[in-house]
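Reviewing the structure listed below.
Coordinate-derived values only; no laboratory data. Worth saying up front: this structure is predicted, and the values here are computed from it rather than measured. As a convention, Cβ positions derive from the backbone with ideal geometry for all residues, glycine included, and neighbour counts pool all protein chains shown.
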Amino acid sequence: MKFKIVHIVEAFSTGIFSWLVDINNALNDDNFEITILHSYREETPADYDHYFSQGIKLIPIKMTSNINPIIDIKGVFQIIKYIKKAKPDVIHLHSSKAGLIGRLAYLLYHHSSIKCVYQPHGLASLRENSSSLARYLFSSAEYFLSKINTLTIACGKTEYEIMTDRMGIENAVCVPNGIDTNKFKKKSPKKSETITIATSGGIRYQKAPWLFAEIASQFISQNHIQFIWIGGGSDEEYLSSLKDSEVKITGWISTDKMIAELNDVDIFLLTSLWEGLPISLLEAQSMGIPAIVSNIVGNKDVIVDGMNGFLANEVKDYVDYINRITKSDELYKSLSTHSRGHIKKVYSQRITVQQIRMIYGMEE
């Protein structure tokens with residue numbers, strides 16, 4: 001008899017989408033029956049179904065990132081209806097919105113044999129675009145809702161410490177994000193002498209595109225250095241600031257094309273205001289690309305300052321570290337070697353899959 005897993009996700013894009021693809025494809029065998037109830041976002045790949053292995057069921061349901069009482073209530077009852085029909089062994093909830101409506105559905109249709117796992121992939125209480133009151137309410141809601149689900153998964157060490165020490169969540173466990181290091185291999189030799197500095201992800205507030213643009217603007221006069229944003233977005237103000245700083249924007253591209261872009265990247269920048277544990281950073285590091293990142297939760301779990309990259313607090317830090325790396329072949333080689341080695345040792349998909357299997361109850 002197959003072990004049944006039902007994933008519920010509203011944020012069906014970028015890092016969470018990558019996690020769902022990689023981990024479920026690795027789990028997908030004769031022992032599992034995997035279903036993903038999902039909504040759509042602007043960044044959701046048009047051919048999203050092609051990313052998943054044959055046999056993984058993908059069922060769209062309507063969910064929104066913002067609170068919408070009518071849609072949310074409908075979502076709760078859609079989930080209950082499916083749970084009654086599927087009778088899963090595990091319900092795995094991803095991101096804060098799916099975590100809310102999924103746990104309400106689990107509470108209303110509680111069955112002692114079903115395990116409910118919640119994984120925020122970045123706590124809503126860390127969002128810098130929310131007021132102090134809103135963040136306090138997010139934190140309080142997470143605490144009380146954690147009493148409903150069986151386990152709460154932190155995707156990194158720092159997030160786990162916040163859950164347990166600051167928020168008082170008692171059922172938290174840490175399962176660091178992991179990636180397929182065979183897919184994101186060591187870079188092949190470059191075809192150009194141009195130094196390429198890039199980031200990857202959505203052009204949105206969380207990623208601080210204005211900060212990336214300001215950093216790029218410091219190097220406009222240096223023709224041998226180019227900046228690239230691998231990803232896309234629709235905010236005209238952000239797009240304009242990047243273009244004014246001569247940043248090339250690829251738009252949303254396939255994983256294969258993204259890997260091809262990363263192959264020519266020398267330094268990876270991540271200017272985010274908040275993160276869970278960024279998949280994009282793991283991917284770049286797995287390819288041996290040194291990183292300069294904002295000194296925040298998630299980023300500082302991955303980057304050991306001075307070993308595989310640097311932690312930055314302001315524009316001056318990013319500029320100084322870029323200059324240091326580009327002017328020293330010895331430093332670059334050391335950072336690159338440690339980047340890939342660290343990912344293979346700590347953030348391998350194999351480790352993540354093993355831990356998830358244990359949480360689901362498939363391994364002791």
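For the reader, a short list of remarks on this structure follows.
- Residues of the stretch 11-45 with amide N under 15 Å of a point placed 7 Å along Cα→Cβ from Ile71: 11-13, 38-44
- Of the DSSP H helices in the chain, those with a Cα length along their own long axis of 24 Å or more and a mean Kyte-Doolittle hydropathy reaching 0.5 comprise 69-86.
- Global geometry of the stretch 237-364, whether rounded, prolate or oblate, following the gyration tensor of its Cα atoms and the 1.5 cut on a/c: prolate
- Candidate aspartates and glutamates - alpha carbon under 16 Å from Lys186, same-chain residues fewer than 8 apart omitted: Asp256, Glu261, Asp264, Asp266, Glu283
- Answer label for volume of the Cα convex hull per residue in Å³ (calculated), chosen among (1) 177; (2) 122; (3) 135: (3)
- Additional length obtainable on full extension of the chain from Tyr143 to Lys4, 0.36 nm per residue less Cα span: 47.3 nm
- Linear extension gain, Thr337 paired with Asp49, 0.36 nm per residue minus alpha-carbon span: 100.2 nm
- For the peptides 167-180, 199-212, 323-336, the ranking by mean Cβ contacts within 10 Å, running from highest to lowest, is 199-212, 167-180, 323-336.
- Over 28 Å apart at the Cα level, from the set Lys248/Lys344; Lys187/Lys248; Lys115/Lys345; Lys85/Lys157, are Lys248/Lys344; Lys115/Lys345; Lys85/Lys157.
- Under-5 Å amide H pairs with Phe3, H placed in peptide plane, nonlocal only: Phe32, Glu33
- Summed side-chain charge close to Thr14 - residues other than Thr14 whose Cβ falls under 11 Å, Lys, Arg +1, Asp, Glu -1: +1
- Difference of contour (0.36 nm per residue) and Cα-Cα distance, Lys186 to Tyr109: 23.0 nm
- Normalised contact order of the chain, rounded percent, pairs of Cα under 8 Å and 6 or more residues apart: 14
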